[in-house]
Amino acid sequence: MTNQTNAPRPAVSVRDLEKTFVLHTQGGARLPVFAGLTLDVFPGECVALHGPSGAGKSTLLRSLYANYKPGSGQVLVRHGDSTVDMVSATPHQILAVRRHTMGYVSQFLRVIPRVSTLDIVAEPLITLGTAPEEARARARALLTRLRIAERLWSLAPATFSGGEQQRVNIARGFSVPYPVLLLDEPTASLDAANRATVLELITEAKQRGAAVIGIFHDADARAAVADRLFDVLPVPSQAA
Amino acid sequence: MTMIPQTPLLRVEGLTHYYGSRLGCRDVSFDLYPGEVLGIVGESGSGKSTLLSCLSARQDPSSGRVLYQSRHDGEIDLYRVSEPRRRLLMRTEWGIVHQNPRDGLRMTVSAGANIGERLMAVGARHYGDIRDQAIDWLGRVEISDDRTDDLPRTFSGGMQQRLQIARNLVTQPRLIFMDEPTGGLDVSVQARLLDLLRGLVSSLGLSVIIVTHDLAVARLLAHRLMVMKEGQVVETGLTDQVLDDPHHPYTQLLVSSVLQV
């Protein structure tokens, strides 16, 4: 993985990935989600995960982020000058990749009591060592673009509407210029104007060279940003 | 962007403790890095508190080693150094936050003195400086300065816990042990304390080992988790991995037993 060649190198390279859930609390039921999954994603492109509900798209996204632990295979992420396999990496390496390289926008905001909206959005940059004032300036710009009213910035988003929470979550996910972005339904529950803004943010991320992997149920949104589709198909269920 | 290899602050090897023939904890090994928060979760009786006592020099383990990278003297083998050396270490580089503030505070002296005496124990002598620092720390844990001369027993449970935290942090320790720091507090008080802890841990770059049976507390504070059952570690990993994709049957049971609000 260290050879310098002129051929473009993927930002994320998934090799033979396998994930099965074993539910010990339910009699050891085995739920295979995917197996032998292989995918390369290059800088500047957006790959949309495609498949019916329950096929394992979100599970794949979470496995790339090392939130879920695949059973076998590799998730090779180009991290600065090195390559990290998210499946076998140590917790410290995974946290370093998440801080610097890989952003993940989930469908739901995890609200922390008493932490203001502005600080939630600025936090990833501050963790990276950006001066707090600069990080907050970036946070204000994103919140403005995503039409979160300024009077809400000092409040914890626990009482915000679903759409507002989702936009705070997106602002946080886009605060750092991550080389890799994982997006789980970023435009769900947004109105047309905000959906357009999110699509703009994704397009800008691609233009600066980010590799984007996303789940978009909305066909128009998918068509607007995705360069290609990657099919995630349900594994036929088998007797355990 | 190269990864800077760090030296662990604490290295634990094969730590085992028996109370007579009864197992406390068995064969626990892990590294803790500077700035890292490690959560130890499991139900009552799982060995969490025994482990914490063995880690924090309050309980001689039956076997195993605890190696601590000290500020000035390199690596110290905790149970091989002299008692006075160990005491000095606990006073200058470590802090312990007990579940019950009464175990960590002196209830018969004022709030200010609770903080000040820790400074005096590490050599501070100037009364004005000590009082200023005490008031500064009361402010940082959100206790107003007009309570400086009050006894802790006139404080609410949440305030007592915040005072205990200030008493621990005033000497600028590098490693803090916490045993159920939010246990027994109302949820609103808990949220305030957690937020305070979160801020202090990240702004001071503290390393923390926190024992809790509350998975929500673990999720909020800990980078990594160790799940204990019957004295042994059954699962470890990043906090979100362990809670979102638990593999061990016992961890799955713990996670699935949490009531959704």
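Observations on the structure shown:
- When region A:79-135 is filtered for residues that are of a type in the set (D, E, K, R), part of a loop (DSSP other than H, G, I, E, B) and either open to solvent by less than 60 Å² (accessible area, probe 1.4 Å) or within 23 Å of A:T187 (Cβ to Cβ) (or both), only A:R110 remains.
- In the set A:T59, A:T5, only one residue is polar (S, T, N, Q) and modelled with pLDDT under 95; that residue is A:T5.
- Close pairs (6 angstrom Cβ cut-off, 6 or more residues apart or separate chains): at the interface with chain B (Cβ under 10 Å from one of its Cβ atoms) in region A:63-86, surrounded by fewer than 18 Cβ atoms within 10 Å (Cβ to Cβ) and part of a loop (DSSP other than H, G, I, E, B) anywhere: A:G80/B:M1
- Some residue of region B:23-33 being part of a loop (DSSP other than H, G, I, E, B) and more than 14 Å from chain A (Cβ to nearest Cβ): no
Condition check ((1) open to solvent by 30 Å² or more (accessible area, probe 1.4 Å); (2) in a strand (DSSP E or B)) across all residues:
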{"position": "A:A7", "(1), (2)": "yes, no"}
{"position": "A:L31", "(1), (2)": "yes, yes"}
{"position": "A:A35", "(1), (2)": "yes, yes"}
{"position": "A:P43", "(1), (2)": "yes, no"}
{"position": "A:P52", "(1), (2)": "yes, no"}
{"position": "A:A55", "(1), (2)": "no, no"}
{"position": "A:N67", "(1), (2)": "no, no"}
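- Comparison of A:F160, A:F174 shows that the only residue that is crowded, with 21+ Cβ neighbours inside 10 Å, under 26 Å from A:P113 (Cβ atoms) and among the aromatic types (F, W, Y) is A:F174.
- Just one of the listed residues (A:A35, A:A55, A:A7) is out of contact with any Pro (no Cβ under 7 Å at 6 or more places or on another chain), away from chain B (no Cβ under 13 Å) and more than 20 Å from A:H79 (Cβ to Cβ), namely A:A35.
- Among the residues listed as A:S175, A:S189, A:S161, A:S154, the single one being hydroxyl-bearing (S, T, Y) and in contact (Cβ under 8 Å) with a residue 40 or more places away in the chain: A:S175
- Considering the conditions (1) of a type in the set (A, V, I, L, M, F, W, C); (2) open to solvent by 10 Å² or more (accessible area, probe 1.4 Å); (3) touching a Ser or Thr at 6+ places or on another chain (Cβ under 6 Å), B:A191 is excluded by exactly one of them, (3).
- Residue ID - modelled with the lowest pLDDT, chosen from residues in region B:124-142 that are more than 19 Å from B:L204 (Cα to Cα) and open to solvent by less than 50 Å² (accessible area, probe 1.4 Å): B:A124
- Total residues in region B:93-112, condition crowded, with 20+ Cβ neighbours inside 10 Å and over 19 Å from the mean Cα position of the chain (by Cα): 2
- A:V47 out of contact with any helix residue (DSSP H, G or I) (no Cβ under 6 Å at 6 or more places or on another chain), more than 14 Å from chain B (Cβ to nearest Cβ), in a strand (DSSP E or B) and surrounded by fewer than 20 Cβ atoms within 10 Å (Cβ to Cβ): yes
- Elements of type strands (runs of 3 or more DSSP E) in region B:160-261, at least 3 residues being away from chain A (no Cβ under 14 Å) and closer than 28 Å to A:Y65 by Cβ: B:207-211
- Contacts under 6 angstrom Cβ, first residue in region B:157-185 being touching a residue at least 24 places away in the same chain (Cβ under 8 Å), partner outside any helix (DSSP H, G or I) and of a type in the set (D, E, K, R), 6 or more apart: B:P173/B:E93; B:R174/B:E93
- Filtered residue count, region B:22-77, keeping only those that are more than 13 Å from B:M228 (Cβ to Cβ) and β-branched (V, I, T): 3
- In the set (1) part of a strand (DSSP E or B); (2) open to solvent by less than 30 Å² (accessible area, probe 1.4 Å), B:Y18 fails one condition alone, (2).
- Verdict on B:G157 being of a type in the set (G, A, S), more than 21 Å from B:T108 (Cβ to Cβ) and open to solvent by less than 50 Å² (accessible area, probe 1.4 Å): no
- So B:G39, is it buried (at least 21 other Cβ atoms within 10 Å of the Cβ) and free of Cβ contacts under 8 Å to residues at least 40 places away in the same chain: no
The values are calculated or read from the model by the stated rules, or taken from the named source; none is laboratory data. On a predicted model such as this, the values are computed, not experimentally measured, just so you know. Counting neighbours? That spans all protein chains shown, and the Cβs are built from the backbone with ideal geometry, glycine included. The protein model used for the area step is the full one, side chains on, heavy atoms only, and it has no ligands, DNA or RNA in it. Shrake-Rupley method; radii C 1.70, N 1.55, O 1.52, S 1.80 Å.
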